[in-house]
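The values are calculated or read from the model by the stated rules, or taken from the named source; none is laboratory data. Predicted model, so just to flag it, every value in this text is computed and none were measured. Here Cβ is always computed from backbone atoms with ideal geometry, including for glycine, and neighbour counts include all displayed protein chains.
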Amino acid sequence: MSDTDDLEHMDAKTALESLEHHTELPRTRLSGALEGIVKVVGDAVSWIWVLLVAVIVVNVTMRYVFGEGRIEFEELQWHMYAIGFLIGLSYAIQNDSHIRIDILHERFSLRTKGWIDLIGFAVFLIPYLFIVLIYSLPFIQYSWSVSEISDAPGGLPYRWAIKSTMFIAYVLLLLAAVGRLVRAAALVFGGADRLNRS
């Protein structure tokens, strides 16, 4: 019997669970609090995709039906993309939906996955986030001090607002990374028996 045949005989929920490859790490109070903040913000900001589609439809309609393109809509689109993707990064970490090399990752034991997460977050992601946050502050402060606007004629004002969103998104990403790091540490140093306590 092939894998496809096996999936056809499972109920829908079981089939979906068999295709997911999330690493279920133990939850702690700290990770729950940090990831809870990220989830609330991520859930709220996820509606930006609906607004983005509306802006795209209006922009395309104005351009091709009425023959009038608007730079404001073009810039609003990329501002909304930026917000969606930047906030979405933290949401993906919190949800364990980020990209992995699944062909390798799925073969590892839960403890090995915990070590990979622990080292990856502690050595690579969190230091990177601190560097970005530290070096982005002067960039954002300058934008605020000159009340930066778009260079394009008819472009959006408040360019400093989208630059500030970058900082907020990286803080959220840091919260998600620390939450995930705490969960990986709970698995590696506390044992997998804590998985069932949450």
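Worth pointing out:
- For the range 138-156, a residue qualifies if it is aliphatic (A, V, I, L, M) and in contact with a helix residue (DSSP H, G or I) (Cβ under 7 Å, 6 or more places away or on another chain), and the qualifying residues are Ile140, Ile149, Ala152, Leu156.
- Filtered residue count, the range 87-144, keeping only those that are among the β-branched types (Val, Ile, Thr) and modelled with pLDDT under 85: 3
- Candidates Tyr135, Tyr128 - the one that is of a type in the set (Ser, Thr, Tyr), surrounded by 13 or more Cβ atoms within 10 Å (Cβ to Cβ) and on the phi < 0 side of the Ramachandran plot: Tyr128
- Summed over the range 132-158, residues that are among the β-branched types (Val, Ile, Thr) and farther than 17 Å from Ile168 by Cβ total 2.
- Qualifying residue in the range 101-111 (condition: more than 20 Å from the chain's Cα centre (by Cα), surrounded by 11 or more Cβ atoms within 10 Å (Cβ to Cβ), under 30 Å from Glu24 (Cβ atoms) and of a type in the set (D, E, K, R)): yes
- A single member of Tyr142, Tyr128, Tyr135, Tyr170 is more than 17 Å from the chain's Cα centre (by Cα), closer than 24 Å to Tyr91 by Cβ and either assigned to a helix (DSSP H, G or I) or in contact (Cβ under 8 Å) with a residue 12 or more places away in the chain (or both), and it is Tyr135.
- Qualifying residues in the range 44-73 (those that are in a helix (DSSP H, G or I) and touching a residue at least 40 places away in the same chain (Cβ under 8 Å)) - the one farthest from Ala152 (Cα to Cα): Val45
- Looking across the range 128-182, just one residue is touching a His at 6+ places or on another chain (Cβ under 9 Å) and among the polar types (S, T, N, Q), and that is Thr165.
- The set of residues in the range 26-43 being within 18 Å of the chain's Cα centre (by Cα) and not in a helix (DSSP H, G or I) is empty.
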